Structures are given as structure tokens and as C-alpha cells.
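Presented below is the structure to which this report refers.
The values are calculated or read from the model by the stated rules, or taken from the named source; none is laboratory data. Note that the structure is predicted; figures quoted are calculated from it, not measured. Cβ placement follows ideal geometry from the backbone for every residue including glycine, while neighbour counts extend to all protein chains displayed. Protein only, heavy atoms only, side chains kept; ligands, DNA and RNA dropped before computing areas. Shrake-Rupley method; radii C 1.70, N 1.55, O 1.52, S 1.80 Å.
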Amino acid sequence: MNKKKIMGYTGLGYLALVMPRIFHRPQKSRETYYAHRGLHNNAGNAPENSLAAFEKAVKAGYGIELDVQLTRDNQVVVTHDFHLRRNCNVQKEVDACTYEELQQYPIFFSKERIPLLTEVLKVVDGKVPLIIELKYKEKSKICEKTDEILKQYHGAYCIESFHPQVLLWYRKHRPQVCRGQLSMNYQKEEGWRKPQYYILRHLLLNFLTKPDFIAYDCRSPHAVSLWICRHLFRCPAYAWTVKSKNQLERCRGQFDAWIFEGFRPENGRE
């Protein structure tokens with residue numbers, strides 16, 4: 001086989017690997033700006049992933065991005081880090097605590113506590129769309145437990161995760177739910193040269209997970225696989241996390257929606 005044929009087959013194989021869902025994609029929200037972990041200020045009275053931060057985002061008219069994981073008693077709570085060190089100054093893992101235990105710990109020294117997903121959904125009440133990131137651990141039931149709750153919710157939402165297992169679960173069990181693959185270049189992560197980071201960085205599991213959108217680090221807007229997904233396969237690209245108006249302008253033409261914090265884009269109500 002000559003060199004041109006080998007290169008041609010290699011190129012086709014690569015395109016097959018990164019191909020997202022093409023047909024029967026769920027309708028996505030028209031919202032283009034999502035407040036990262038709510039419209040928050042960790043030094044104030046509305047810290048990240050708190051009911052106060054979500055109330056502010058709803059009032060301002062922004063979509064909301066939030067994170068969910070499980071407690072020891074299998075409650076779906078809204079918090080980002082697996083560990084409580086940063087947000088609660090406590091040397092424990094979230095899944096080592098019951099929901100009742102978590103209520104003892106203030107978030108960033110405020111009056112707020114880590115909320116249940118059900119509490120957040122009552123606050124949002126369908127007024128703005130949600131991007132829900134599922135934080136997955138091995139053998140976790142986070143997909144099942146989250147889906148049980150969201151089946152009762154009538155507002156607009158989609159799910160996303162860095163972990164392909166989450167998207168595989170949704171592809172199999174809830175294909176009608178819009179799902180997104182989170183990714184980044186990983187070069188600042190410890191052990192980034194490992195094969196799994198290369199695979200995730202280049203979206204090489206899309207052929208299995210078939211995402212409906214790609215959520216990518218806004219600092220890497222020219223990643224090749226991201227470009228191919230967006231331009232060749234017409235797969236929406238969401239930027240995370242945009243932290244200034246200047247950064248928003250720099251990446252505006254490279255993405256279709258933006259997850260932001262630390263400033264307010266111009267489409268809010270306030």
C-alpha cells in the first residue's frame with residue numbers, strides 16, 4: 001500500500017473517531033451565556049454553586065452551569081470539588097459525608113450550605129436553561145440518581161462530563177437528553193503525557209459517546225478535533241470558563257456558547 005493511501009485511510013479513521021452525533025440531535029437551548037456555578041462571588045454572600053448564586057443568575061436572566069455529585073447516603077448535591085478543602089475548609093471528601101453532615105459546613109465562610117439538586121431546581125423552576133456537569137467516580141450511581149430527579153423537572157437542561165462513562169450511560173439509557181463532552185488540552189495536568197489524556201484531549205472517544213456538543217477550555221479555541229467537530233460536523237462548541245470581556249471577544253468567533261464568571265455579558269436583564 002502506498003503512502004498516500006495509508007495517509008488517506010488514517011485521516012478517515014481519525015474523522016470516524018471524533019465524529020459526534022450527527023442525526024437526531026436533541027434541540028439545544030438558544031441561550032448563549034451560562035453563569036459558571038451560578039452568578040457567584042466567593043468572597044461575598046453568594047458563593048459558587050449556592051442557592052444564592054443561582055437566584056442571582058435567574059434574576060439576571062443567564063443560563064446556569066452547575067456541578068453534581070453523590071453523598072455517602074446517595075443524595076445528589078450541587079458542588080464542584082470532590083474534596084471539601086477549598087470551599088468548606090474541611091478535610092473530607094463529599095462522598096464520605098451524608099447530606100446532613102454537609103449542612104454543618106458553610107460554603108466559603110458564608111451563610112450558604114451545599115444544596116441538593118432538587119433545591120436548585122425549585123429555585124430555577126424552568127426560568128433559565130441549565131448545563132449540569134456530572135462528577136463521576138468509579139462505580140458511581142451519579143447518572144441514575146441524577147436522571148431520577150431530572151425526569152420530574154420540566155425546564156430546559158443538558159448534561160455534560162469530562163468522563164466518557166457518563167455520556168455512554170446517557171447514550172444508552174436517555175438518548176433524548178442533550179449530552180456534551182467536556183475537554184481541554186490537559187498539558188497542565190499531572191501525568192498529562194499518559195495515553196488517556198491524549199485520547200480525551202483529542203476527543204477520540206466521540207465515536208462511542210456521540211456527544212451533541214463539545215465544551216472545551218476557552219484558552220484552546222484552535223484545538224484540531226474541536227475545529228473539526230464544529231466546522232465539519234456542525235457540532236456546537238461551548239467555551240469554558242470565560243473570565244473577562246476581553247477573553248470573550250478573543251474567542252467569540254470560535255464557539256457557539258460561553259460559560260462565564262467574574263463579569264457579566266451584555267444579554268442579562270440587569
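The candidates Arg85, Arg252, Arg37, arranged from most to least accessible area with a 1.4 Å probe in the full protein assembly, appear as Arg85, Arg252, Arg37.
Ligands, DNA and RNA left out, the 1.4 Å accessible surface of the range 98-143 is 50% carbon and sulfur atoms.
Return the Rg/Rh value of the range 1-157, two decimal places, where both radii are evaluated on C-alpha atoms and Rh is the Kirkwood radius. Intermediate values should be presented prior to the final figure.
Working: Rg = 19.6 Å, Rh = 17.4 Å.
Ratio value, two decimals: 1.12.
Across the range 134-189, the convex hull enclosing all Cα atoms gives 89 Å³ per residue. Put Ile199, Ile149, Ile64 in order of accessible area, highest first, and with a 1.4 Å probe you get Ile199, Ile149, Ile64. For Phe23, the solvent-accessible surface with a 1.4 Å probe is about 150 Å², rounded to the nearest 10.
How far, in nm, would the chain grow between Val224 and Arg30 when pulled straight, counting 0.36 nm per residue and subtracting the alpha carbon separation? List each step's numbers first, then the result.
Numbers: separation 194, 0.36 × 194 = 69.84 nm, distance 2.55 nm.
Extra length available between Val224 and Arg30 comes to 67.3 nm.
Of all complete DSSP H helices in the chain, those with a Cα span along the helix axis of 15 Å or greater and a mean Kyte-Doolittle hydropathy of -0.5 or more are 3-18. In the context of the full protein assembly, Trp240 retains an accessible surface of approximately 40 Å², using a probe radius of 1.4 Å and ignoring ligands and nucleic acids. Other residues whose C-beta falls under 11 angstrom from the C-beta of His24 contribute a net charge of +2, scoring Lys and Arg +1 and Asp and Glu -1.
Accessible area of Arg25 (1.4 Å probe, protein heavy atoms only, ligands and nucleic acids ignored): about 70 Å².
The C-alpha atoms of the range 93-194 occupy a region whose extents along the principal axes are 42, 34, 25 Å, arranged from largest to smallest. Only one of the values (1) 38, 21, 16; (2) 32, 21, 18; (3) 44, 21, 16 was calculated from this structure for semi-axes √(5λ) of the Cα gyration tensor in Å; name its label. Identified label for the calculated read-out: (2). Here Lys28 is the anchor, and the aspartates and glutamates within straight C-alpha reach of less than 12 Å, apart from those fewer than 8 places off in the same chain, are Asp212, Asp256.
Using just the helices of the chain, give the 222 nm mean residue ellipticity in deg cm²/dmol: DSSP H runs with n ≥ 4 each add -39,500 (n - 2.57), and the total is spread over all residues, rounded to 500.
On the way: 11 runs with 83 residues, N = 270.
Result for the chain: -8000 deg cm²/dmol, rounded to the nearest 500.
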